[in-house]
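Below: the structure, in structure tokens.
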Amino acid sequence: MDLSLVKKYAKENNVPIILDEGLALLKKTIETYHVKDALEIGSAIGYSALSMASFGVYVDTIERDPRMYKVAMQNIGTYDTEKRVRLIFADAISYDGIDKTYDLIFIDAAKSKYHVFFDRYKKYLNKGGIIVCDNMNFHNLDRSKVTRRTRQLLEKLDTFKEELQKNKDFETIFYNDGDGMSVSRLL
Ligand SMILES: C[S@@+](CC[C@H](N)C(=O)[O-])C[C@H]1O[C@@H](n2cnc3c(N)ncnc32)[C@H](O)[C@@H]1O
């Protein structure tokens, strides 16, 4: 599947999508753990969902922004010829329509809510399933040079990382690939 036009659109319209290095790590994780079904929180225009589909995965993906959803719908219509992607228009904070379990959950939505998404969706993981979180380094911003709001966001991410490290139900590895990723395996 050639997604270069989707990537180009993202660049030209400032849509944040997974970096190549992060996608390579996601692909490796999918292969290592023989992932067949994935849930994604944060579709944007469907780039990472379509990428996962191109690795042979069935993907349910949730997006709350109507403009993103519309473009994602078009992209999925164009590229998802094998019908592997199901796009759900909803706010993942309150959505309660999940009707199956997954081998992998990819969290890539509002960074300040990562702990909420993690706690809310972990029950939909299969035994030995994986939760991957993107942007865990959040662009390696210099804390002395950011706004108060961004600093608060970085602090929230720090707290989330500490919680992951302490969580005995999962084994978590942190990677610096892309914008930083955590890979947590349900024990
Ligand atoms: C970084 S982008 C996703 C990029 C996409 N995963 C990719 O790599 O191609 C984050 C997306 O999450 C969406 N989002 C943020 N909070 C959300 C929520 N509570 N529920 C659903 N989508 C959300 C945003 O609207 C945005 O489109």
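The table that follows gives values for the structure above.
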| quantity | calculated |
| --- | --- |
| Filter result (touching a residue at least 60 places away in the same chain (Cβ under 8 Å) and of a type outside the set (Phe, Trp, Tyr)) within the stretch 55-84 | VAL71, ASN75 |
| Hits in the stretch 1-29 - residues which are in a loop (DSSP other than H, G, I, E, B) and over 22 Å from PHE118 (Cα atoms) | MET1, ASP2, LEU3, ASN13, ASN14, VAL15 |
| Hey, GLN165 free of Cβ contacts under 8 Å to residues at least 60 places away in the same chain, closer than 26 Å to LYS28 by Cβ and surrounded by fewer than 17 Cβ atoms within 10 Å (Cβ to Cβ) or not | yes |
| Output for the stretch 75-95, where each listed residue is more than 7 Å from the ligand (Cβ to nearest atom), of a type outside the set (Lys, Arg) and assigned to a loop (DSSP other than H, G, I, E, B) | ASP80, THR81, GLU82, SER94, TYR95 |
| The stretch 30-56: number of residues that are aliphatic (A, V, I, L, M), within 14 Å of the chain's Cα centre (by Cα), outside any helix (DSSP H, G or I) and away from the ligand (no atom under 11 Å from the Cβ) | 2 |
| Candidates LEU87, LEU19, LEU5, LEU25 - the one that is of a type in the set (A, V, I, L, M) and free of Cβ contacts under 8 Å to residues at least 40 places away in the same chain | LEU5 |
| Checklist (1) surrounded by 16 or more Cβ atoms within 10 Å (Cβ to Cβ); (2) touching a Ser or Thr at 6+ places or on another chain (Cβ under 8 Å); (3) farther than 22 Å from LEU26 by Cα applied to LEU141, failing item | (1) |
| Any hit, the stretch 117-130, residues being in contact (Cβ under 8 Å) with a residue 40 or more places away in the chain and hydroxyl-bearing (Ser, Thr, Tyr) | yes |
| Test result for GLN152, in contact with a strand residue (DSSP E or B) (Cβ under 7 Å, 6 or more places away or on another chain) and over 22 Å from ALA53 (Cβ atoms) | no |
| Strands (runs of 3 or more DSSP E) within the stretch 96-187 that include 1 or more residues of a type in the set (Gly, Ala, Ser) and within 16 Å of the ligand (Cβ to nearest atom) | 181-186 |
| Number of the exception - ALA72 against (1) part of a strand (DSSP E or B); (2) within 9 Å of the ligand (Cβ to nearest atom); (3) buried (at least 20 other Cβ atoms within 10 Å of the Cβ) | (1) |
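For (1) surrounded by 14 or more Cβ atoms within 10 Å (Cβ to Cβ); (2) closer than 22 Å to GLU63 by Cβ; (3) small (Gly, Ala, Ser), each residue gets a yes or a no:
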residue: PHE89; (1), (2), (3): yes, yes, no
residue: ALA92; (1), (2), (3): yes, yes, yes
residue: ALA109; (1), (2), (3): yes, yes, yes
residue: PHE118; (1), (2), (3): yes, yes, no
residue: LYS122; (1), (2), (3): yes, yes, no
residue: ILE130; (1), (2), (3): yes, yes, no
residue: ASP134; (1), (2), (3): yes, yes, no
residue: THR147; (1), (2), (3): no, no, no
residue: GLU171; (1), (2), (3): no, no, no
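Bear in mind these aren't lab numbers, they're just calculated from the coordinates by the rules spelled out. All values derive from a computational prediction rather than experimental measurement. Note: ideal-geometry Cβ built from the backbone for every residue, glycine included; neighbour counts use all protein chains shown.
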